[in-house]
Structures are given as structure tokens and as C-alpha cells.
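The values are calculated or read from the model by the stated rules, or taken from the named source; none is laboratory data. All values reported here derive from a predicted model rather than from experimental measurement. Here Cβ is always computed from backbone atoms with ideal geometry, including for glycine, and neighbour counts include all displayed protein chains.
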Amino acid sequence: MTSVDADLTAADVAWNIDTILPEGKDVDDLFDEAERLADGLTELRGRVATLDATELAAAMRTMAEIGDLSARGGYHCMLAFSTDTTDPARGAAMASMQERSTAVGTKLIFFDLEWAAADDDHVASIIDDPQLDFCRHHLENMRLTRPHLLSEAEETVLAEKAQTGGAAWVRLFDELTSAIEVDLPEDLGGEGQALDQALSMLSHNDREVRQTVAEAVTKGLEPGLRTRAYVYNTLLLDKSIDDRMRGFDTWISSRNLGNEASDESVQALVDAVVSNYDIPQRWYSLKAKVLGVDKLSDFDRMASVAADDKPIGWAEATNIVRDAYASFSPELAEVVGRFIDENWIDAPVRPGKRGGAFAAPVTPDHHPYVLLNWAGKSRDVATLAHELGHGVHFYLAREQSIFHQGTPITLAETASVFGETVTSNRLLSMIDDPNERFSLLASTLEDSIATVFRQVAMNRFEDSCHVARREEGELSVERFGDLWAASQEAMLGDSVEITEGYKTWWSYIPHFMGTPGYVYAYAYGQLLALSVYARYEEEGDAFVPAYLDLLRAGGSKNPEELGKIVNCDLSDPTFWDNGLKIVDAQLTAAEEAAKAAGRL
């Protein structure tokens, strides 16, 4: 492979995960120590609800140490498995890690239950003690779960059985989808292409190529379709049983509780987005005119409108992202540089590698990692900026304890979307050519549509699946397909034709399996990030310290309190409308740019 080819495919961009494990230690050593510490905490059984602040702080520091050990062992196995899900040894290591992690967790179930059941007056008398600063918000959140907790014996059984229940089915789904191959014509790459590689080709500027790729993807999804449908049916039933036992009102209620969001506020977000489905419909109607077709088909939605969609190499892409982050904050740019320069990223597409992209925090005492599937497309630059946003968020929040490094998923997308927006706007400021400006504006708008409207449409698909599974019983492949098509048609209206083959494309999306209810958080985070970015536009450099304070705060406060750091009122019913107005303004700007570029 030439150096040019290596740059276009990011072939040499691989992470070094060995630093996760302390020198001379392996994963089993870490879990041995975690179990020893957990055994020591069992001496508190029966007394957790009456501990004073000093005793509780000491116990929580031990909990933090256990969490660090378990996270290091867990992430080392997970990151290794993500880069090759077909390796039996890595799969076995994942299974062993999950078993050992569960064993540690079951020893400590009593602690959470006793704390949740503690007398309100006693909790009030100690919770504000400065000794508990590092874990206060976590302790307060644990109290919120009290109505939905079961007995210690029941919680132990559920935790133990999860290894052969939901977690096992999710792992099976990951292995099944990672093994999907797409057979393309020789001039498009040939047989045995990775699914992510094939999907990236849907941005091709030749419609016949897009259609060919879409048909090949549909064919590639066929062999294991019934098995993946069975996996989803099983996970839907598993969740319905769990929700019934814990007394949750709806399928989404447990997710909302974990996100520190009320069912009502989440529904308000969904309703606001659905009521603005005319925005994606206007865009796709405009895009059809730009592409010179009467009406888009589903395989046209990701088509590039760039006049020259040249491949982008790794070096150029990383320079773009470094420059964009530096234009906002030298401190953030320095952290971004460390990800790029110090082997914290795994980028190339490989056989057996998990699809998509993610960032992993590991622990506050170690740096995060980013996984990509780099295809050298302009969209990949946005994905790089996005995942590095997650990465710098995790990195800056390391000063929080392991209890507060991460945020509720409703805020988890804020830094990533903000990073994407900074990158796009930085590029826009450097472009004079009308066609290039339209292409970039279109890309920015499509990101917003994909993150806000498409994710809410997927939320509507999830909602219909969970409700139907509980009311109708096991769902057929055809039923899943009809529900998927209905959710997409509601968003797209008459602007896009849904082909028959597209009805199976729900079956490779991991969020539905592993993190039910997650997807609306993308819309939440996107609209929040756009509103935060609007503050930056209003205040300029004076805004930067507040934004960095938001990132450093991690999850140490609830979402409304975190929003106040950057002067955003998440309790305001019009908050979502304000974010949607920004997306509408992006559409107007793209429409005007298309005219200026002579594309209509």
C-alpha cells in the first residue's frame, strides 16, 4: 500500500489500549482486586442507611476504586473486541469480563438498595457535607430509583441472569451485524465489502451507483434478517418483563429516569420535532431539484450535492479539525491533538470491526479513546469532529470522580455536535466559491436533519415496536418492516419514495438492541448544542470559559443546572422551538446558497 493509499484509508491509525492496564497486571488481576474490595464493603450490610457523612464518603471512595478497576478491565476487553468481533479469543475475553463484572456488581447490590431506602431526614442531614462533593449527585440520583427497585434477592437474580439474557443477545447482534458483507460490482470494490464501507457509498454522485449499492446492501442484510428479528423480539420481551417488574409506566420511562428527564419533557421534545417534519421534507424536495430528479428515493437521501466530491485523506482531515477547534479554544485544540498524535484513535475499516463510531471514556485516571470507520468521505470529517467532541468532553470531565465523569445521554451529544458545528462554520468562513459554500451548508443542514429528525423518526419506530410487541406478541420480519417504513414515511412525506428493500434497514442499527430509547438523546443534544452555539455567536470569546466549565462539570449536576452554566433554560417549554428555528435558518441559508450557485 502506498503512503497516499494509507492516508486515504487511515490504514496506520490504530490505538494503543495496553496503557489501560497497570504495568504487570492483566484483566483478571483487576477484577481480583475489585472483588477483594467489594468483599470488604459487605461488612456495611445492614448499616448503609445510617452511615454518617465520613463513613459514607469512605465507602464511596472504595466504590470509586472498584469502579476504576472494573472500567479498566471492561474497556480493555470491549475496545479489543470492537476492532475484531470475529476473533474467538476476544469474544471469550468479553464474556469472561462480563461475568466477572457481574460478580462484583452483585456483591454490592445491597449497598444501593439500603441507600435508596434510607430515611429522608437522615439523608438530608448528611448529603450536603463537603466530604461527599465527589459523589453527591450520584447519591441523589440513586434515591430517585427507589420506587423501581426490587428486593436484594430479586436484584441479584436479575443481575446474574442478565449475562445469559439481554447482554448475551446484544453481543450476538453485534457479532451478526459485524459479519455482514455486501457484494458489489468489481468497479465499486468487489465482493465482501464491510457494511459501513458500502453504506458510505450512498453519498456517491452517480444515482445508478447509489441504487446499485442500496440493492446490494438490502441483499447483504437478507441472510440473517430473521435471526436479527428474533434477537430484537427477544430483547423487546426482555425489556417489557423488566419494566413490568419494576413498575415503569411506559417502555421509555426507565430511560428517561436515567436521563434525569420526565416523560412529559421528552414527549414535548418529540412532539416539537414531529410538528416540524416539514423542514426535512422541504430540504429533500430542494435536493431533488439540485440533483435533477423528479423525486428522491431512499437511496438518494445521502447523495452528495458537492460539485466535486473528492476523497479526503487522514492528514488533511485532521488538520481541518485541529484548526477548527483552535479557532474556538486553544485548550480544546491541544486535547484534540493528543487524540490524533498519541494513538488514542482507531480509524480504518477492517473485516470484523464493529461498525459506526464511538468515544470511550475509560476512567478519570486514563485518557479516552475514539473508534471510527474511515472511508475518506467529507462526512467522515464531520464524524471525526463529532467523536473528538465526545473525547474532549470526557477528557475535561476527568477532574470529576468516576461517578460524575459521564453525563446523562440527553447532554452527552452537546460537545460532539458543538465540535461539528465549530468545524463546519470554520470551513464556511474560509470559502468564497458559491458551489463550495452550498455544498458545506447542505452538509451542515443534513447533519441537523439526520441528528434531529431522523433520530426522532427512529424513536417513533422504537415506540411502535415496543408497544406492538407488548400488545400483539412476537412481531414478524414483515411487521417490523412496515413499522419502519411508516416511521420514515411520516418524516419524509411525499418528498422521498421508500423502496421495498429499505424496509429491512432497521435491522443493522445497534441502538435499538443495546440501548433502547437512546436515540432521542441525539435530537436533544443537537438542539441544545445549536442553542449553546447561538450563545457563542452572541457573546464571542467571552463565552468560551463558560463552555469549558460546562464540559469540566461532566455529570456532577442535573441537566437543567448544567444548562444554566451556559445560560440555557432547559425547563422553558419553548427551548426546543428555539433550536428548531436554527435548523430552519440553516435550510433557508442552503436554499439561498443553491440559488447563488446556480444549482436550481
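Restricting to region 153-162, what's the tally of residues that are of a type outside the set (A, V, I, L, M) and either crowded, with 16+ Cβ neighbours inside 10 Å or closer than 23 Å to GLY352 by Cβ (or both)?
First, pick out the residues of region 153-162 that are of a type outside the set (A, V, I, L, M): 154-156, 160-161.
Then drop every residue that is not either crowded, with 16+ Cβ neighbours inside 10 Å or closer than 23 Å to GLY352 by Cβ (or both), which leaves 155-156.
Qualifying residue count, region 153-162: 2.
Report, by residue number, each residue of region 83-107 that is over 30 Å from GLU43 (Cβ atoms) and either of a type in the set (Phe, Trp, Tyr) or assigned to a helix (DSSP H, G or I) (or both).
Selection gives THR83, PRO88, ALA89, ARG90, GLY91, ALA92, ALA93, MET94, ALA95.
Yes/no matrix, rows are residues, columns are (1) within 15 Å of ASN459 (Cα to Cα); (2) part of a loop (DSSP other than H, G, I, E, B); (3) polar (S, T, N, Q):
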position: ALA214; (1), (2), (3): no, no, no
position: THR218; (1), (2), (3): no, no, yes
position: PRO223; (1), (2), (3): no, yes, no
position: ALA229; (1), (2), (3): no, no, no
position: ASP238; (1), (2), (3): no, no, no
position: ASP242; (1), (2), (3): no, no, no
position: THR250; (1), (2), (3): yes, yes, yes
position: LEU257; (1), (2), (3): no, no, no
position: GLU260; (1), (2), (3): no, yes, no
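Quick one: how many residues across region 292-306 are surrounded by fewer than 18 Cβ atoms within 10 Å (Cβ to Cβ) and either among the charged types (D, E, K, R) or assigned to a helix (DSSP H, G or I) (or both)?
2
Can you name the residue in region 346-372 that is at pLDDT 90 or above, in contact with a Pro (Cβ under 8 Å, 6 or more places away or on another chain) and not hydrophobic (A, V, I, L, M, F, W, C) and is also surrounded by the fewest Cβ atoms within 10 Å (Cβ to Cβ) among such residues?
Filtering first and then ranking leaves PRO361.
Going by the structure shown, is ARG535 touching a residue at least 60 places away in the same chain (Cβ under 8 Å) and of a type outside the set (Ser, Thr, Tyr)?
Working: touching a residue at least 60 places away in the same chain (Cβ under 8 Å): no; of a type outside the set (Ser, Thr, Tyr): yes.
Here the answer is no, as ARG535 does not meet what is asked.
Just need a number here: residues in region 156-193 that are more than 19 Å from LEU237 (Cβ to Cβ), free of Cβ contacts under 8 Å to residues at least 40 places away in the same chain and assigned to a helix (DSSP H, G or I).
Qualifying residue count for the region: 3.
Yes or no: region 292-309 includes at least one residue that is farther than 30 Å from ALA10 by Cβ and of a type in the set (Val, Ile, Thr).
Yes, because at least one residue in region 292-309 is farther than 30 Å from ALA10 by Cβ and of a type in the set (Val, Ile, Thr).
Could you list, in sequence order, the residues of region 41-55 that are of a type outside the set (Gly, Ala, Ser), part of a helix (DSSP H, G or I) and out of contact with any Lys or Arg (no Cβ under 7 Å at 6 or more places or on another chain)?
Hits for region 41-55 are LEU41, GLU43, LEU44, VAL48, THR50, THR54, GLU55.
Among the residues of region 570-592, write down those that are under 16 Å from ALA268 (Cβ atoms), out of contact with any helix residue (DSSP H, G or I) (no Cβ under 6 Å at 6 or more places or on another chain) and either exposed (fewer than 13 other Cβ atoms within 10 Å of the Cβ) or aliphatic (A, V, I, L, M) (or both).
ASP572, PRO573, THR574, LEU580
Of the residues in region 392-414, how many are at pLDDT below 90, crowded, with 24+ Cβ neighbours inside 10 Å and either part of a helix (DSSP H, G or I) or of a type in the set (Asp, Glu) (or both)? Even if it seems obvious, please write down each step before you answer.
Taking region 392-414 as the starting set, the residues that turn out to be at pLDDT below 90 are 407-414.
Of the ones still in play, those that are also crowded, with 24+ Cβ neighbours inside 10 Å are 407, 410-411, 413-414.
With the extra rule that they be either part of a helix (DSSP H, G or I) or of a type in the set (Asp, Glu) (or both), the set shrinks to 410-411, 413-414.
Residues in region 392-414 being at pLDDT below 90, crowded, with 24+ Cβ neighbours inside 10 Å and either part of a helix (DSSP H, G or I) or of a type in the set (Asp, Glu) (or both): 4 in total.
Taking ILE431, is it among the β-branched types (Val, Ile, Thr) and in contact with a Phe, Trp or Tyr (Cβ under 8 Å, 6 or more places away or on another chain)?
It is false that ILE431 is among the β-branched types (Val, Ile, Thr) and in contact with a Phe, Trp or Tyr (Cβ under 8 Å, 6 or more places away or on another chain).
For the subset of region 20-57 comprising residues that are β-branched (Val, Ile, Thr) and surrounded by 16 or more Cβ atoms within 10 Å (Cβ to Cβ), which member is farthest from PHE339 (Cα to Cα)?
Top of the filtered list is VAL48.
Quick one: what pairs do we get from region 25-46, first residue outside the structural domain of SER96 (by TED's automatic domain parsing), second exposed (fewer than 12 other Cβ atoms within 10 Å of the Cβ) and of a type in the set (A, V, I, L, M), C-beta under 9 Å, 6+ apart or different chains?
none
Just checking, how many residues over region 549-567 are within 23 Å of VAL335 (Cβ to Cβ) and out of contact with any Asp or Glu (no Cβ under 7 Å at 6 or more places or on another chain)?
Qualifying residue count, region 549-567: 10.
Answer yes or no as to whether ALA288 is outside any loop (DSSP other than H, G, I, E, B) and more than 27 Å from HIS404 (Cβ to Cβ).
Considered against the rule, which asks whether it is outside any loop (DSSP other than H, G, I, E, B) and more than 27 Å from HIS404 (Cβ to Cβ), ALA288 comes out as yes.
Return the residues of region 190-236 that are of a type in the set (Phe, Trp, Tyr) and out of contact with any Cys (no Cβ under 8 Å at 6 or more places or on another chain); say none if nothing qualifies.
The one that is of a type in the set (Phe, Trp, Tyr) and out of contact with any Cys (no Cβ under 8 Å at 6 or more places or on another chain): TYR230.
ALA326: small (Gly, Ala, Ser), surrounded by fewer than 21 Cβ atoms within 10 Å (Cβ to Cβ) and not in a loop (DSSP other than H, G, I, E, B), yes or no?
yes
Evaluate the following for SER507: is it of a type in the set (Gly, Ala, Ser), crowded, with 17+ Cβ neighbours inside 10 Å and in contact (Cβ under 8 Å) with a residue 60 or more places away in the chain?
On the way: of a type in the set (Gly, Ala, Ser): yes; crowded, with 17+ Cβ neighbours inside 10 Å: yes; in contact (Cβ under 8 Å) with a residue 60 or more places away in the chain: yes.
Judged against the criteria, SER507 is a match.
If only one of ALA58, ALA64, ALA38, ALA80 is touching a Leu at 6+ places or on another chain (Cβ under 7 Å) and in a helix (DSSP H, G or I), which one is it?
ALA38
So in region 239-274, with the set limited to residues that are of a type in the set (Ser, Thr, Tyr) and out of contact with any Asp or Glu (no Cβ under 8 Å at 6 or more places or on another chain), which one is surrounded by the fewest Cβ atoms within 10 Å (Cβ to Cβ)?
Residues of region 239-274 that are of a type in the set (Ser, Thr, Tyr), as a first pass: 240, 250, 253-254, 262, 265.
Next, from what is left, pick out any that are out of contact with any Asp or Glu (no Cβ under 8 Å at 6 or more places or on another chain): 240, 262, 265.
Values: SER240: 16, SER262: 12, SER265: 20.
In this case the residue turns out to be SER262.
Report yes if some residue within region 340-355 is outside the structural domain of GLY73 (by TED's automatic domain parsing), assigned to a helix (DSSP H, G or I) and of a type outside the set (D, E, K, R); otherwise report no.
yes
Which residue pairs have Cβ atoms closer than 9 Å, lie 6 or more positions apart in sequence or on different chains, and pair a first residue in region 433-460 that is closer than 12 Å to ALA589 by Cβ and free of Cβ contacts under 8 Å to residues at least 40 places away in the same chain with a second residue that is β-branched (Val, Ile, Thr) and surrounded by fewer than 24 Cβ atoms within 10 Å (Cβ to Cβ)?
LEU440/ILE431
Restrict the check to region 108-118 and report whether at least one residue is loosely packed, with under 14 Cβ neighbours inside 10 Å and either out of contact with any Asp or Glu (no Cβ under 9 Å at 6 or more places or on another chain) or assigned to a loop (DSSP other than H, G, I, E, B) (or both).
Yes, region 108-118 contains a residue that is loosely packed, with under 14 Cβ neighbours inside 10 Å and either out of contact with any Asp or Glu (no Cβ under 9 Å at 6 or more places or on another chain) or assigned to a loop (DSSP other than H, G, I, E, B) (or both).
Which of the residues spanning region 582-596 are over 18 Å from GLN281 (Cβ atoms) and among the small types (Gly, Ala, Ser)?
If the condition is that a residue be over 18 Å from GLN281 (Cβ atoms) and among the small types (Gly, Ala, Ser), then ALA593, ALA596 are the ones that fit.
Here is a yes/no grid of residues against (1) surrounded by fewer than 23 Cβ atoms within 10 Å (Cβ to Cβ); (2) under 22 Å from LEU580 (Cβ atoms):
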{"position": "SER416", "(1), (2)": "no, yes"}
{"position": "GLY419", "(1), (2)": "no, yes"}
{"position": "LEU441", "(1), (2)": "no, yes"}
{"position": "ARG460", "(1), (2)": "yes, yes"}
{"position": "GLY481", "(1), (2)": "yes, no"}
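Of the residues ALA64, ALA38, which single one is under 15 Å from ILE109 (Cβ atoms) and small (Gly, Ala, Ser)?
When all the criteria are applied, what remains is ALA38.
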